[in-house]
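What follows is a single structure, written as structure tokens, with notes after it.
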Amino acid sequence: MARILAVIVSLLAASSALAQSKTEEDLKKGIQGEAGRYGTAGCGLGAMAFKDQPGGIQIIAATLNGICANQSFGITFGTSNCGPSLFAQGTKNFVEANREVVAKDIARGEGEAIGALTVINACADSRAVGAALQKRFGAIFPSADATDAGVTDAILETLRRDPALACGKG
């Protein structure tokens, strides 16, 4: 009975914190949380409710994470204080390791790098991804000095922007 009461109190604390958000940016921040700011329980709803408070509260946070089964989702999609999504991290790693090939393939709108980005970001169609990225080549690579982080952000923005690409849908 005490466990159920603790979970209910935890859920109420987390939902009231999210309910106070007023702008779209506040809502986004409420869903994503502050990456890396969690205690020993790890990221998830428990981390959003209790942050990095030390002590026994982390047991409640871990229990909340486990009962709600939100930690895996948060790690995959970059929500619930879990930091960048696996898609974003995979894209970042790929761009850093293959920047020249990525630039050439995006300029052509096809190639192995486009196929890899399609798989990494769980998109539906490699040809559609290639066409979308090619169309925005100037925004993705605004100059030869563009940073890997800037290139990655522009690629992810392009993939998120077009719902027809169906990226991240698993």
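Nothing in this text is a laboratory measurement; each read-out follows from the coordinates by a stated rule. What you see is a predicted model; the values in this text were computed from it and never measured. Positions of Cβ are generated from backbone atoms using ideal geometry, with glycine treated the same way; all protein chains shown enter the neighbour counts.
Can you tally the net charge around ILE114? Count Lys and Arg as +1, Asp and Glu as -1, for every other residue whose Cβ sits under 12 Å from the Cβ of ILE114. Write down the numbers at each step before the final one.
Values: positive: LYS104, ARG108, ARG127; negative: ASP105, GLU110, GLU112, ASP125.
Every neighbour counted, the sum reads -1.
Where a ≥ b ≥ c are the square roots of the eigenvalues of the C-alpha gyration tensor, would you call the stretch 86-165 rounded, which needs a/c under 1.5, or, failing that, prolate if a/b is larger than b/c, or oblate?
rounded
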